[in-house]
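The values are calculated or read from the model by the stated rules, or taken from the named source; none is laboratory data. Please read all numbers here as calculations on a predicted model, not as lab measurements. Glycine also receives a Cβ, built like all others from the backbone with ideal geometry; neighbour counts cover every protein chain displayed. Quick note on the areas: whole protein, heavy atoms, side chains included, nothing else; ligands and nucleic acids left out. Shrake-Rupley method; radii C 1.70, N 1.55, O 1.52, S 1.80 Å.
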Amino acid sequence: MNQPRYIRLHESDNVAIVVNDGGLPRGAAFADGLRLTGPVPQGHKVALSDIAQGEPIRRYGEVIGNAVRDIVRGSWVEESLVSLPRAPALERMELATRVPAPQPPLAGHTFEGYRNADGSVGTRNILAISSSVQCVAGMADFVVRRIKDELLAHYPNVDDVVALNHTYGCGVAINAPGAIVPIRTLQNLALNPNFGGEVMVLALGCEKLRPERLLPAGAIALEQERPAIVTMQDERFTGFGEMVEGALALARQRLEVLNRRRRETCPASDLVIGLQCGGSDAFSGVTANPAVGFAADLLVRAGATVMFSEVTEVRDAVQLLTTRAINEEVGRALIREMAWYDGYLAAGEADRSANTSPGNKAGGLANIVEKALGSIVKSGSSPITGVLAPGERASQKGLIFAATPASDFVCGTLQLASGITLQVFTTGRGTPYGLAAAPVIKVSTRTELATRWHDLIDLDAGRIATGDATIETVGWELFELILEVASGRKQVWADRWGLHNALALFNPGPVT
Ligand code: CA
């Protein structure tokens with residue numbers, strides 16, 4: 001049985017998306033009586049009412065364009081019938097003019113987390129080894145192997161040890177304006193709540209990025225009595241073996257402290273959740289991202305911090321975000337980050353290449369506004385309470401825009417620096433993406449992918465398209481899964497297999 005089905009994402013929408021495999025023929029009748037006047041391919045739009053020439057076409061509750069000519073109810077709203085609205089210039093955007101009313105608080109949801117001295121709460125108990133320069137990456141890996149092989153078993157409450165390896169620290173213009181981004185990213189990475197505040201740094205000795213800059217202020221003061229830095233060129237070491245022993249001694253001190261950490265019941269408001277997508281397809285904006293948006297609203301209602309990112313994927317719908325800013329200052333911060341990225345791309349003689357791809361259009365996306373709407377829908381419907389420049393640490397609750405490139409690895413690294421303790425990742429094509437520092441819940445847009453990648457995908461949002469679930473039910477499932485994974489009661493597939501991507505710093509500054 002192939003009952004004709006469509007998905008309408010907002011009550012004010014006058015178009016909906018056909019979800020049946022292979023599309024639907026002329027005459028197909030939906031359960032509500034709507035009948036197709038002609039064939040409509042899968043993922044494409046059908047008019048839910050008559051739309052006169054010049055009238056707005058609404059999807060996601062927003063105008064994606066105007067009707068180029070009269071469109072009758074039940075007909076295919078193909079790409080050529082939708083005019084492309086002009087993207088408003090950044091300097092003329094409305095700020096905080098449509099701030100969503102607060103939704104009712106969601107009380108009573110908790111998770112078992114590791115509370116830190118600074119008030120933050122981790123979802124994992126991990127020893128992180130920072131480094132001030134790429135030159136020591138090999139030693140960091142060596143030390144991590146030794147710790148895993150010889151030490152970790154003696155500290156049963158510690159989940160893991162990770163090296164925060166990167167490609168920065170020397171051979172770079174350390175005083176260039178763009179250098180602030182990788183430097184604060186490294187500083188804030190070490191402070192991720194999953195690391196318990198127990199910072200240690202491997203250094204070479206001659207690098208431009210001084211290792212002291214990676215320590216929090218309190219640790220620098222303690223450097224004499226409780227050293228946190230091991231420097232390979234330190235003359236007290238004779239040979240590599242002694243350097244390793246020096247690093248292991250510091251690691252033991254930190255493992256002792258971390259091993260005393262215990263999970264305790266924490267309100268869901270202590271969660272810091274990052275949202276990202278990668279390998280998107282036509283259903284991303286129909287199934288997975290709306291379900292993630294629903295869960296994001298639940299998290300915000302529960303008082304948590306939720307951050308979404310990926311500048312190049314929100315740029316063409318940013319006028320819909322500036323109006324959702326909680327106040328004009330936050331709206332201006334959003335504009336600031338968009339303008340900075342426009343300049344960054346222009347300096348590289350690139351633009352945001354905003355045009356939808358042939359694959360997007362074949363999948364039913366009429367234009368870039370519709371594409372960007374499909375991406376930002378994962379931000380839900382809450383007011384935007386804050387904006388972070390790349391690598392800045394979040395200090396506020398609610399929905400935050402953390403400006404990052406859309407690159408999965410750079411976005412993941414920057415969100416970790418901003419303090420996420422768990423990430424939700426939606427994918428249509430499929431990717432084995434994972435982070436060593438925080439669990440990643442992967443949500444598929446289609447059931448076919450979730451079935452084929454049954455041991456890589458954690459949640460199937462494709463059931464929304466097949467009618468086996470709704471945005472609300474999958475959103476609630478994701479919310480509950482976040483609490484389970486954050487509590488350590490459930491393991492995501494990437495962690496079960498140990499699939500973890502390398503960190504990738506965002507360095508907009510020159511390399512020398
Ligand atoms: Ca991405």
Residue that is of a type outside the set (Val, Ile, Thr), surrounded by 12 or more Cβ atoms within 10 Å (Cβ to Cβ) and touching a Pro at 6+ places or on another chain (Cβ under 8 Å), where the choices are Leu250, Leu255: Leu250
First in segment 24-44 and within 22 Å of Ala366 (Cβ to Cβ), second anywhere and part of a loop (DSSP other than H, G, I, E, B) and β-branched (Val, Ile, Thr), Cβ under 7 Å, 6 or more apart: Arg26/Thr37; Thr37/Val72; Gln42/Val19
Verdict on Val492 being open to solvent by less than 10 Å² (accessible area, probe 1.4 Å), hydrophobic (A, V, I, L, M, F, W, C), away from the ligand (no atom under 16 Å from the Cβ) and free of Cβ contacts under 8 Å to residues at least 60 places away in the same chain: yes
Extreme residue, farthest from Glu11 (Cα to Cα), among residues of segment 460-480 that are touching a strand residue (DSSP E or B) at 6+ places or on another chain (Cβ under 7 Å) and open to solvent by 20 Å² or more (accessible area, probe 1.4 Å): Asp460
Qualifying residue in segment 366-388 (condition: more than 16 Å from the ligand (Cβ to nearest atom), closer than 27 Å to Ala190 by Cα, more than 14 Å from the chain's Cα centre (by Cα) and open to solvent by less than 10 Å² (accessible area, probe 1.4 Å)): yes
Residues being open to solvent by 30 Å² or more (accessible area, probe 1.4 Å) and either in contact (Cβ under 8 Å) with a residue 24 or more places away in the chain or assigned to a helix (DSSP H, G or I) (or both) - total across segment 198-231: 13
1 or more residues at pLDDT 90 or above and closer than 30 Å to Asp21 by Cβ: qualifying helices (runs of 4 or more DSSP H) within segment 315-417: 368-376, 408-417
Residue within segment 286-293 that is under 29 Å from Asp270 (Cβ atoms), more than 16 Å from the ligand (Cβ to nearest atom), in contact with a strand residue (DSSP E or B) (Cβ under 8 Å, 6 or more places away or on another chain) and open to solvent by 10 Å² or more (accessible area, probe 1.4 Å) present: no
Cβ-Cβ under 6 Å pairs, at least 6 apart or on other chains, segment 263-280 side closer than 15 Å to Asn116 by Cβ, far side within 16 Å of the ligand (Cβ to nearest atom): Val272/Ile420
Matching residues in segment 108-136 - criterion: being over 27 Å from Val492 (Cβ atoms) and in a loop (DSSP other than H, G, I, E, B): Ala117, Ser132, Val133
Unmet requirement for Ala179, which otherwise passes all of (1) free of Cβ contacts under 8 Å to residues at least 60 places away in the same chain; (2) among the hydrophobic types (A, V, I, L, M, F, W, C); (3) more than 29 Å from Glu112 (Cα to Cα): (1)
Candidate set from segment 232-285 (those that are in a loop (DSSP other than H, G, I, E, B), within 16 Å of the ligand (Cβ to nearest atom) and of a type in the set (Gly, Ala, Ser)); member that is nearest to Gly43 (Cα to Cα): Ser280
